[in-house]
Structure formats: C-alpha cells, structure tokens
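Trainee: Here it is, the structure, as structure tokens.
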Amino acid sequence: MIEIKDLHKSYKMGSNSLHVLKGINFNVEDGELVAIMGSSGSGKSTLLNILGMLDEADSGTYVLDGIPIKNLNETKAANYRNKFLGFIFQSFNLINYKTALENVALPLYYQKMPRKQRQEKAMKYLEQVGLKEWSHHLPSELSGGQKQRVAIARAMVAEPKVLLADELTGALDSKTSYEVMELIQNINDQGNTILVVTHEPDIAQMCKRIVHLKDGVIVKDEKVKQVRAKVNV
Amino acid sequence: MFDLERWQEIFDTIRKNKLRTFLTGLSVASGIFILVILLGFGQGMQNGISYEFEEDATTEVEVWPGVTTKGYMGLNPGRRIQLRNENYQTANSLYSKEIEYKSPLVFVNNVSVNYGKEALVYSVRGVSQDYQFIENARLHEGRFLNLKDMTSTGKVAVIGKKIKDDVFLDVETPIGEFINISGVLFKIIGVFDEREEREEERIYIPVTTAQKVFNGADRISNISYTLPKVDNFDQAVAQAVSFKENLRSYLQQAHTVAPDDTSAIQVWSALEEAKRYFSLIGNIKFFFWFVGICTIIAGVVGVSNIMLIVVKERTREIGIRKALGAKPWSIILMILHEAIFVTAISGFAGLIFSMAILEIVGPHVQVDYVVNPSVNFNVALATVFVLILAGTVAGFFPAWRAANIHTIDALRDE
C-alpha cells in the first residue's frame, strides 16, 4: 500500500540546516496497523506529514497504492488527501461551529457529493463510532473521547486508502484512550490500513507492527503480538 | 457564484457567526447610509436655491440710482441722480435686441390709500404692462395692466392676493371695486398672486398714471428688465454681465457720472447672484461628496479589517479544511463569496433604508434653501457596487494569504 525509498528531509533554520529524515525505507501492506514510535525530534511527525502530503520530501520516492506521489502542487495534494487519506489529530481539529454530522460530512463536500447523500453517509459513519444520538451536537458539547470518535468518523467517511493518526490519544485519559484504540482496532479488523504515530508504548502495543524511529532513521521495525484494547478497558 | 452547495456552506457559516456578520454589515450599511443622506441633502440644497430663484424671472436686471461719490467733469460729488423717461426710452432703443421685458418703476410715496372707510397700508407702484412677467406674478383673477392703460393713463389698479384676503372679505370679488389713492379713485381690474406673501402686498397702477396724477413729471425710480432665456447657464451669465455693463455706461454718460463711480448708478443682475449661489452649491456638493467618499473609504477599511480578523480567526479551520481536501481556490472563493454576500446585502439594506428615509421625510422638509432632498438612484447604486468591489478586493488578499499558509502551520494555529 505504501512504499517509501530513501526518504530525506531537512529544514532550514537560519543558516543551519536540520536534517530530520536521513534515508527512510519502509513499506506498509494493505490492512496493516502500524505504530510509529520515537521520542520528540526523532522525525516521526515529519514522516507522517510527508505520508499525509502536508509536506514534501527533499529526495526519495513515495508510492501510495501504486501511484507515485511527486511534484505536488497544493491543488493536486488536496485532491490526493481528499481521496486517499484520512487524518486523525491529537487536538481533534473539529470545526467548532459545525455539528458532529456536518464535521463528518465535510470531506464529502470537497468531493462535491450532494448534500443529502453526504448527510446520509456521514450519519452511517457516526453510527459506526456509536455517536448517532450526538449527531446534532456541537463539538463543545462533546467529551474528549466523543470528539475523537467524531474525528475518526470524519477520517473514515471518504473511505480513504490509509488512515493517518497523529498522537490520537495524546489529549485523552487512559480509559478513553483504550476505548478509542478499540475503535481503531475494529476499523483495522475491517481491513483498513492505519498508521499511528505515538510515543506511548501501551498504545503502540495495541498495533500489529511497531516502527522505532531515532534521529531520522528507522532503528527497529518489528511485528508484535497485538494487545486487544478491550481487555484493558 | 451559482454553486448551491457553497451557498449552503456560506449560510451555515453566517448563521453561526451572527455577531461577526452583523458588525461587518453594519459598517457597510452605515457607510452607504451616510453617503446617500449627504448626497440627498446636497441635492436638496440645490433644489432649494433653484426654487428661491424661480420667484422672480431668473434673467432679471434692475437699475436704481444713487448718489455720486466722485467729482467728474467739474461736478461735485454727493449729487443725487434721478432717472427719467428719456433714459428709459433711450436705453430701450439702444439695447432693444437684448431685452425681453422692460418696465419703469415709480414708487408712489406719501399717499393715503382707502377702500371705503378703511385705510390700507400697502405700497403703490407705477409699472408697465411687462412687469407681470418680470415679477413672475400669476394672475389670480381679472387681468393685468395693458398697453391701453398706459397710453390712456387709465385709473386702474391690480392688487396682490393678500390684499384681497385682508381687505375684500365682504365682496365676492374685488374686481370692479374702487380704491381711493390720495383722492383719486382707481378701479381694481385684477388680482395677482406670488410665491412670497410680501410681494402680494402691492398695488400696481400704470406708470403713466402714476407720473401724471402724483406729480411725478418724467421721473422714474427704478428700471427693470428681463433678458431672453439662453439654455447655457454660463452664456446667460455672460449676456447678463455685458448688458449690465452697457446699460451702466450709457446711464453714466447720460448723467455725467465718473465711469468708475458704481454707487451713482446701481445695476443688479439676478443671474450673477444665481451664479454665486450655484458655485456655492457646487462647493457644498463637492464637500458632501468628499465626506461621503471618506465615509465609504472608512467603510472599506472597516470591511477589510474585519476580513483580516475573520481570516486570522479561521486560520485553523482553513488548515482543517485543507487537510480534508479543500483546494486553495475553494478556500479563497469561500471567504470572498461570504464577503461579497455580506457587503452586498448590507450595502443594499443601507441603500434602501436611506432612500426610504429620503422618500418619506424628504418632501416634508420645511427649511429655507433645502427643498425635497433626494438622490439619484443610479449614483447610489453605483456606490453600493463600488463598495462591494472594494470589499472583494479587501477580502481577497487575506483570503489569498490564508489559502497559501502551509497546512501544518495553519493546523498549529491557536
């Protein structure tokens, strides 16, 4: 699903150049649930941004489901993001004046889907994350866990090839974190490919594979025995 | 523009950000409102001043004598000048081509006027048959003086409507009644009305009769003229000025007055006066436009300010939208669409509100020199479009900037 070869990325900080990614090689198969671990500054967020086409690598190749991702302009990147990728953020990033349903339906708006159809589909995904009754509430009326579920529904609604989650449990307590992870595992069980960036080992253990990143290189890439979140709840 | 989905998206945003939208709209609507009201009053002043000048024929030129202030050709200063029939006739034949209506004026002073036993305190003037047109007097009933009255020194009088209303209450019409002026009976043949009551308090008798009956000999007090109308205002003023100068120099020669002694022969031209007023109106209108345009500029600055804040406030939202697949142009169009919609609606609201006020209140304005303030609808409409355009331009740059912020940075914005 994802093929990355020799990815380099550096940032200019004044006269200095900060080499963040130093040749990443890494493949993700269809249906995998991968955790990317590393301390801050290890380059894991940069890697996720490049995978999410929010940023572009200096060199190296990135192929997503057989499509080479290169020479992106804003419009093209927006198109790919909309069709191929679903984002889940640490701070949820819901639009605060839109209801849960409208937030979930937003990616479909940018696919130019008619309003009625959009709302039906958004409702279906809200139901999947167990928030059907909350569909007409504003984000400010939802708890942190509920907000993240709405965000997950929003990431899923466009039926992307890959879900990218950046510290998705970072703002949640451990009980809520496990509930959210359970949802992620269920989604993965349905065959969706998911990448989770985290620095919490217990969250990483709930994935099927852990990639350790340190100082811009992959130091360890291991398959692990998945810990089901449900057991911990 | 006609994307229904985007309209819904914008209505959602507006509905959920009422205060912000209201404040933006208010600054636009008040700008338009102030401009329209100012322009309306500018027009009202122009109407008012034109109205004041319609009272007498606008091309009127009047001559009256004074006292010399300079010695000339061996004559002492302080000499009182007296106009005479001869002056009037000579001037008429000299400038016959330039004159439309003409009338000498004899003020009949120190006479008592009686109707029956009632003493009337109204001025009596000897005038010619043309005087009706010079004064723009309308005939209420009967007729005005005519040429036959002049040649036959008829003892007839035309009175103002106010006199009729004040004195002739008991009779159905004053026509045919007699008034006694210093022992001589004059038959009333007509009643005229004027816009100003003051000018209705006059009794007109034939100038020839006035001279003959009241020991006037060939003396006349004033001479009034009107000049033929010319469409072009500047040309009309030029014509009036040249006529005025010619007339003055003839009368100065005839009475041996120094050419630079303006107080001996005074000539007044309504057009010159009008020109001063019209240039005053021009200046006032210019001032109103200036204030109005400054108001609009303030409105535009207000709109762009609010747009800047709106975009700043929505940076994170824009980042989210971009992460979800919004293209830069769709972000720009969304913000612009909203800006245009809000400025247009509030601009038209301000326009309609101010036009309604002018329409309703305007005709009832009872102030000197302000009549029926109103505004040219097209001008007002044009300003609304200018404002919308300005709002668009003002909204575009923040929108453009917002759309080009790196998505990661936009998402990080708090």
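The values are calculated or read from the model by the stated rules, or taken from the named source; none is laboratory data. Predicted model only: the values in this text are computed from it and were never measured. Cβ coordinates were reconstructed from backbone atoms using ideal geometry, including for glycine residues, and neighbour counts include every protein chain displayed.
Trainee: Of all residues in the range B:92-150, how many are crowded, with 18+ Cβ neighbours inside 10 Å, of a type in the set (Asp, Glu) and more than 22 Å from B:Thr58 (Cα to Cα)?
Mentor: 1
Trainee: Would you please name the residue that is modelled with the highest pLDDT, looking only at residues in the range B:245-270 that are within 24 Å of the chain's Cα centre (by Cα) and either among the hydroxyl-bearing types (Ser, Thr, Tyr) or assigned to a helix (DSSP H, G or I) (or both)?
Mentor: Among them, the one singled out is B:Ser269.
Trainee: So B:Gly176 ticks every box in (1) under 21 Å from B:Phe214 (Cβ atoms); (2) without any contact (Cβ under 8 Å) to a residue 24 or more places away in the chain but one. Which box is left unticked?
Mentor: Unmet for B:Gly176, out of (1) under 21 Å from B:Phe214 (Cβ atoms); (2) without any contact (Cβ under 8 Å) to a residue 24 or more places away in the chain: (1).
Trainee: For the range B:11-37, name all the residues that are within 14 Å of chain A (Cβ to nearest Cβ) and surrounded by fewer than 20 Cβ atoms within 10 Å (Cβ to Cβ).
Mentor: Of all residues in the range B:11-37, those within 14 Å of chain A (Cβ to nearest Cβ) come to B:11-21.
Within the range B:11-37, B:Phe11, B:Asp12, B:Ile14, B:Arg15, B:Lys16, B:Asn17, B:Lys18, B:Leu19, B:Arg20 qualify.
Trainee: Working only within the range B:55-91, note down all residues that are surrounded by fewer than 18 Cβ atoms within 10 Å (Cβ to Cβ), part of a strand (DSSP E or B) and hydrophobic (A, V, I, L, M, F, W, C).
Mentor: Scanning the range B:55-91 gives B:Trp64, B:Val67, B:Leu75.
Trainee: Can you say whether B:Gln266 is in contact with a helix residue (DSSP H, G or I) (Cβ under 9 Å, 6 or more places away or on another chain) and surrounded by fewer than 19 Cβ atoms within 10 Å (Cβ to Cβ), as far as the supplied structure shows? Let's see the steps before the verdict.
Mentor: Values: in contact with a helix residue (DSSP H, G or I) (Cβ under 9 Å, 6 or more places away or on another chain): yes; surrounded by fewer than 19 Cβ atoms within 10 Å (Cβ to Cβ): yes.
Yes, satisfied.
Trainee: Exactly one of these conditions fails for A:Gly191: (1) on the phi < 0 side of the Ramachandran plot; (2) outside any helix (DSSP H, G or I). Give me its number.
Mentor: (1)
Trainee: Being in contact with a His (Cβ under 7 Å, 6 or more places away or on another chain) and aliphatic (A, V, I, L, M) is the filter; apply it to the range A:1-58 and report the residue that is farthest from the other protein chains (Cβ to nearest Cβ).
Mentor: A:Met37
Trainee: Quick one: how many residues across the range B:183-212 are outside any strand (DSSP E or B) and either touching a residue at least 60 places away in the same chain (Cβ under 8 Å) or within 28 Å of the chain's Cα centre (by Cα) (or both)?
Mentor: Looking only at the range B:183-212, we keep the residues that are outside any strand (DSSP E or B), and these are B:183, B:194-201, B:207-212.
Narrowing the set further to residues that are either touching a residue at least 60 places away in the same chain (Cβ under 8 Å) or within 28 Å of the chain's Cα centre (by Cα) (or both) leaves B:194-201, B:207-211.
The total comes to 13.
Trainee: Considering only the range B:388-397, I want to know if a residue exists there that is at pLDDT below 80, assigned to a helix (DSSP H, G or I) and more than 29 Å from B:Leu351 (Cβ to Cβ). So that I can check it myself, show each step before the final result.
Mentor: First pass over the range B:388-397, keeping only residues at pLDDT below 80: B:390-391, B:394-395.
Now restrict to residues that are assigned to a helix (DSSP H, G or I): B:390-391, B:394-395.
So of that shortlist, the ones also more than 29 Å from B:Leu351 (Cβ to Cβ) come out as none.
Within the range B:388-397, not a single residue is at pLDDT below 80, assigned to a helix (DSSP H, G or I) and more than 29 Å from B:Leu351 (Cβ to Cβ).
Trainee: Considering only residues that are surrounded by fewer than 18 Cβ atoms within 10 Å (Cβ to Cβ) and among the acidic types (Asp, Glu), which ones fall in the range B:335-384?
Mentor: B:Glu359, B:Asp368
Trainee: Then there's this: Report whether or not B:Glu118 is within 14 Å of chain A (Cβ to nearest Cβ) and over 27 Å from B:Arg248 (Cα atoms). Working first, answer last.
Mentor: Numbers: within 14 Å of chain A (Cβ to nearest Cβ): no; over 27 Å from B:Arg248 (Cα atoms): yes.
It is false that B:Glu118 is within 14 Å of chain A (Cβ to nearest Cβ) and over 27 Å from B:Arg248 (Cα atoms).
Trainee: For the range A:24-46, which positions are under 17 Å from the mean Cα position of the chain (by Cα) and modelled with pLDDT of 90 or more?
Mentor: A:Asn27, A:Val28, A:Glu29, A:Asp30, A:Gly31, A:Glu32, A:Leu33, A:Val34, A:Ala35, A:Ile36, A:Met37
Trainee: To continue, here is another question. Looking at A:Thr99 and the list (1) at pLDDT 90 or above; (2) of a type in the set (Val, Ile, Thr); (3) under 20 Å from the mean Cα position of the chain (by Cα), which single condition is not satisfied?
Mentor: For A:Thr99, the failing item is (3).
Trainee: Now, a different point. Only one of these is farther than 26 Å from B:Tyr277 by Cα, within 14 Å of another protein chain (Cβ to nearest Cβ), crowded, with 20+ Cβ neighbours inside 10 Å and touching a Gly at 6+ places or on another chain (Cβ under 6 Å): B:Leu387, B:Leu411. Name it.
Mentor: B:Leu411
Trainee: Give me the residue from the range A:10-60 that is of a type in the set (D, E, K, R) and more than 16 Å from A:Val211 (Cβ to Cβ) and, out of that set, surrounded by the most Cβ atoms within 10 Å (Cβ to Cβ). So that I can check it myself, show each step before the final result.
Mentor: To start, the set of residues in the range A:10-60 that are of a type in the set (D, E, K, R) comprises A:12, A:22, A:29-30, A:32, A:44, A:55-56, A:58.
Pick out the ones that are also more than 16 Å from A:Val211 (Cβ to Cβ) and you get A:12, A:30, A:55-56, A:58.
Values: A:Lys12: 8, A:Asp30: 12, A:Asp55: 19, A:Glu56: 14, A:Asp58: 13.
The qualifying residue surrounded by the most Cβ atoms within 10 Å (Cβ to Cβ) is A:Asp55.
Trainee: Being surrounded by 15 or more Cβ atoms within 10 Å (Cβ to Cβ), within 20 Å of A:Leu48 (Cα to Cα) and of a type outside the set (S, T, N, Q) is the filter here; which residues of the range A:181-201 pass it? Give the derivation first.
Mentor: In the first step, residues of the range A:181-201 are kept if they are surrounded by 15 or more Cβ atoms within 10 Å (Cβ to Cβ); the result is A:181-185, A:187-188, A:192-200.
Then keep just the ones that are within 20 Å of A:Leu48 (Cα to Cα); that gives A:181, A:184-185, A:187-188, A:192-200.
A:Met181, A:Ile184, A:Ile187, A:Ile194, A:Leu195, A:Val196, A:Val197, A:His199, A:Glu200, listed by residue number.
Trainee: Among the residues of the range A:73-117, count how many are facing chain B (nearest Cβ under 9 Å) and of a type in the set (Val, Ile, Thr).
Mentor: 2
Trainee: Now a separate question. Give the range B:366-393 a look and list any residue that's in contact with a helix residue (DSSP H, G or I) (Cβ under 6 Å, 6 or more places away or on another chain), free of Cβ contacts under 8 Å to residues at least 60 places away in the same chain and more than 19 Å from B:Ile293 (Cβ to Cβ), or say none.
Mentor: Answer for the range B:366-393, where residues must be in contact with a helix residue (DSSP H, G or I) (Cβ under 6 Å, 6 or more places away or on another chain), free of Cβ contacts under 8 Å to residues at least 60 places away in the same chain and more than 19 Å from B:Ile293 (Cβ to Cβ): there is none.
Trainee: Condition check: in contact (Cβ under 8 Å) with a residue 12 or more places away in the chain, closer than 30 Å to B:Asp413 by Cβ and in contact with a Leu (Cβ under 6 Å, 6 or more places away or on another chain). Does B:Gly319 satisfy that? Reasoning before the result, please.
Mentor: Numbers: in contact (Cβ under 8 Å) with a residue 12 or more places away in the chain: yes; closer than 30 Å to B:Asp413 by Cβ: yes; in contact with a Leu (Cβ under 6 Å, 6 or more places away or on another chain): yes.
Yes.
Trainee: So, one more: Please give the number of the condition A:Gly145 fails out of (1) touching a strand residue (DSSP E or B) at 6+ places or on another chain (Cβ under 9 Å); (2) under 29 Å from A:Lys83 (Cβ atoms).
Mentor: (1)
Trainee: Also, I was wondering about something else. Name the pairs whose Cβ atoms lie under 6 Å apart, with the first residue in the range B:145-173 and under 18 Å from B:Ser123 (Cβ atoms), the second of a type in the set (Asp, Glu) and outside any loop (DSSP other than H, G, I, E, B), and 6 or more positions between them or separate chains?
Mentor: Every condition considered, the pairs that remain are B:Val156/B:Asp149; B:Gly160/B:Glu200; B:Lys161/B:Asp193; B:Lys161/B:Glu200; B:Lys162/B:Glu197; B:Lys162/B:Glu200.
Trainee: Given the condition at pLDDT 90 or above, among the basic types (Lys, Arg) and either in the same structural domain as B:Glu100 (by TED's automatic domain parsing) or at negative phi (or both), answer yes or no: does some residue in the range B:224-234 qualify?
Mentor: No, the range B:224-234 contains no residue that is at pLDDT 90 or above, among the basic types (Lys, Arg) and either in the same structural domain as B:Glu100 (by TED's automatic domain parsing) or at negative phi (or both).
Trainee: Out of the range A:117-138, which residues are in a loop (DSSP other than H, G, I, E, B) and surrounded by 15 or more Cβ atoms within 10 Å (Cβ to Cβ)?
Mentor: Going residue by residue through the range A:117-138, those that are in a loop (DSSP other than H, G, I, E, B) are A:129-131, A:135-138.
Once the filter is applied, which keeps residues that are in a loop (DSSP other than H, G, I, E, B) and surrounded by 15 or more Cβ atoms within 10 Å (Cβ to Cβ), the range A:117-138 yields A:Val129, A:Leu131, A:Ser135, A:His137, A:Leu138.
Trainee: All but one of (1) within 14 Å of chain A (Cβ to nearest Cβ); (2) touching a Pro at 6+ places or on another chain (Cβ under 8 Å); (3) among the aliphatic types (A, V, I, L, M) hold for B:Ala323, so report the exception by its number.
Mentor: Among (1) within 14 Å of chain A (Cβ to nearest Cβ); (2) touching a Pro at 6+ places or on another chain (Cβ under 8 Å); (3) among the aliphatic types (A, V, I, L, M), B:Ala323 violates only (2).
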